[in-house]
Each structure stands twice: as structure tokens, then as C-alpha cells.
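Student: First the structure, then my questions, so here it is.
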Amino acid sequence: MYRLYFIPVTSREKLVTGSTTVLMMTVVLATYTTATGMAWVAASNIQPESSKYYRPVVAAVCIGAFIFSNFGTFGVLMNIVMKAVSYLGVLFSVCVIVSKIYRAVKEK
């Protein structure tokens, strides 16, 4: 019987009894350590760590990440994020090109 798992690593471990718990704890801890670092970087970019608003910003970033994580599976979230980043990259490229053309025309 074929079962669909959203984390491919776990599909092999379902065959081996006893190691599933250790593997899942490792996946959860790896996800937590990655998310913690990313939340810290995001909050530090919004407010300096010495600011009195830093802790509320950290709380807002973590709550926002939690809410965003409930929108769907990892694949769905990656699809949304990658599309958004792609469109932002195209928009940034267009802005750079327009800026270069504007500066070249302005210098003449």
C-alpha cells in the first residue's frame, strides 16, 4: 500500500521500527534551530537589538511565522514563497534597468 508522506525522509524510516521517534525528533529540532535563526535575523533587520521595541518585534515575527506556517503543507508554502520571491526579483531587475537608463539620459 502506497502512503504519501510530506517529509520524504520519514517514508524510509516507517519501515524500521524504533528509529522513527529519533528521526522525527531530529527533524523537529533541525527545523526549530533553523527557524530560530531566521526569526532572529528578521527581527534584527526590523529593529536593532538595543531598541526597547525589539522584544515585541520578535514576538510579532514569531507569531506571523506561526500563522503563515498554517496556510498549508511545506510544498504549498514553498510554492507561494518562491513565486513571491521570483516576482520581487523581476520587479527589482526592472527597477535597476530603469534606474540605469534614467541616469544615462540624465547625464547627457
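Student: Which one is nearest to C62 (Cα to Cα), of the residues in the range 18-35 that are hydroxyl-bearing (S, T, Y) and modelled with pLDDT under 80? Step through it out loud before you land on a result.
Tutor: Keep residues of the range 18-35 that are hydroxyl-bearing (S, T, Y), which gives 19-21, 26, 31-34.
Now narrow it down to the ones that are modelled with pLDDT under 80: 19-21.
On the way: S19: 31, T20: 28, T21: 26 Å.
Checked the range 18-35; the qualifying residue nearest to C62 (Cα to Cα) is T21.
Student: Looking at the range 38-50, is at least one residue over 20 Å from the mean Cα position of the chain (by Cα), at pLDDT 85 or above, loosely packed, with under 12 Cβ neighbours inside 10 Å and not acidic (D, E)?
Tutor: Among the residues of the range 38-50, at least one is over 20 Å from the mean Cα position of the chain (by Cα), at pLDDT 85 or above, loosely packed, with under 12 Cβ neighbours inside 10 Å and not acidic (D, E), which makes the answer yes.
Student: Hey, could you check the range 64-91 for residues that are over 12 Å from the mean Cα position of the chain (by Cα) and at pLDDT 90 or above and say which is nearest to Y32 (Cα to Cα)?
Tutor: K83
Student: Filter the range 44-75 for residues that are farther than 19 Å from V27 by Cβ and β-branched (V, I, T) and give the result. If you could, list the steps in order and put the result at the bottom.
Tutor: Quick first cut of the range 44-75, residues farther than 19 Å from V27 by Cβ only: 44-64, 67-68, 71.
I46, V57, V58, V61, I63, I67 - these are the residues of the range 44-75 that are farther than 19 Å from V27 by Cβ and β-branched (V, I, T).
The values are calculated or read from the model by the stated rules, or taken from the named source; none is laboratory data. Because the structure is a prediction, the values reported are computed rather than measured. Using ideal geometry, Cβ is built from the backbone for each residue, glycine included, and neighbour counts are taken over all protein chains shown.
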